[in-house]
1. Accessible area per residue of the chain at 1.4 Å probe, in Å²?
2. Using the alpha carbon gyration tensor of the chain, what are the three equivalent-ellipsoid semi-axes (square root of 5 times each eigenvalue), largest first, in whole Å?
3. By how many degrees, between 0 and 90 and to the nearest 10, does the Cα long axis of helix 46-59 differ from the longest principal axis of the chain?
4. With unit charges on the beta carbon (Lys/Arg positive, Asp/Glu negative), name the residue among Pro28, Leu70, His60 whose Cα is farthest towards the positive pole of the charge dipole of the chain.
5. Using +1 on the beta carbon of Lys and Arg, -1 on that of Asp and Glu, and nothing else charged, what's the dipole of the chain about the Cα centre, debye to 20?
6. So how tilted is helix 63-77 from the main axis of the chain? Cα-based, degrees 0 to 90, rounded to 10.
7. Got a sec? What order do Lys30, Lys9, Lys53 fall in by accessible area at 1.4 Å, biggest, i.e. largest, first?
Amino acid sequence: MTKHKRKKKLSHEPIGRVKIVDDFLPPPEKLLVKPKPVKITITLNQDSIDFFKEVAQKEHVPYQQLIRALLDQYASHYK
């Protein structure tokens, strides 16, 4: 089986009724790369670490990434 590419016919004819939709893209400043993370030292309960490691193993991601995401979401929510 061969796939045929269909050539689109271009026309200068009116295209009919046009509906303008609201801009749904985020503003440019939200498209920028997030700020560089800062390394810190934090002491957590072993139960908390065990929980994050268990979830991280199931999700195939580093447990530190889960902790960072949780803290980022919490801080963002309460800004």
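1. Heavy-atom accessible area per residue stands at 119 Å².
2. On the way: eigenvalues 463, 100, 29 Å².
Working from the Cα gyration tensor, I get semi-axes of 48, 22, 12 Å.
3. Value to nearest ten degrees: 30.
4. Pro28
5. On the way: 16 positive and 9 negative charges, 195 e Å.
Around 940 debye, computed over the chain.
6. 70
7. On the way: Lys30 150, Lys9 190, Lys53 95 Å².
I get Lys9, Lys30, Lys53, largest accessible area first.
The values are calculated or read from the model by the stated rules, or taken from the named source; none is laboratory data. Since the model is a prediction, treat every value here as computed from it, not as a measurement. Every residue, glycine as well, gets a Cβ built from its backbone with ideal geometry; the counts of neighbours run over all protein chains shown. These accessible areas exclude ligands, DNA and RNA; they are computed on the full protein's heavy atoms, side chains included. Shrake-Rupley method; radii C 1.70, N 1.55, O 1.52, S 1.80 Å.
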